[in-house]
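FYI, it's all coordinate maths here, none of it is from the lab. These numbers come from a predicted model, not from an experiment. Note: ideal-geometry Cβ built from the backbone for every residue, glycine included; neighbour counts use all protein chains shown.
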Amino acid sequence: MNINDFVILPGSKSGTSVRLKAKTVRELQLEKVQLETENKEMEKKLQQLQSNMSREKEERRKSSAYHWKSGRVGPMTIQARVLSQGIENNKKV
């Protein structure tokens, strides 16, 4: 008997162990390999996403010198009307 063939089950009395079947050990090893592979794939996808996002952020930064602080739709405020009229009057002059 090998000590690695035993595992303590949660919820059982302390010190109680159950012998694992060879099939179960193989299944656990296979699951471990699958999870490692999935983990590597997800890490690659995450790196690609991060590089794409940083590239897009850099492109946005270069393409525009300003950005909207808010995009509310509705009637213009009095302050905005005065400003727009002033701009129109400046164009006429």
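The residue among Gln29, Ser63, Leu46 whose Cα reaches farthest toward the positive pole of the charge dipole of the range 23-63, with charges on the beta-carbon of Lys, Arg, Asp and Glu, is Ser63. Multiplying the residue separation of Glu38 and Val82 by 0.36 nm and removing their Cα-Cα distance gives an extension gain of 9.9 nm. Shape class for the range 23-63: prolate, because the ratio a/c of the largest to smallest gyration tensor axis (alpha-carbon atoms, square roots of eigenvalues) is 1.5 or more and a/b beats b/c.
Placing +1 on the Cβ of every Lys and Arg and -1 on the Cβ of every Asp and Glu, with no other charges, gives the range 23-63 a dipole of roughly 200 debye about its Cα centre.
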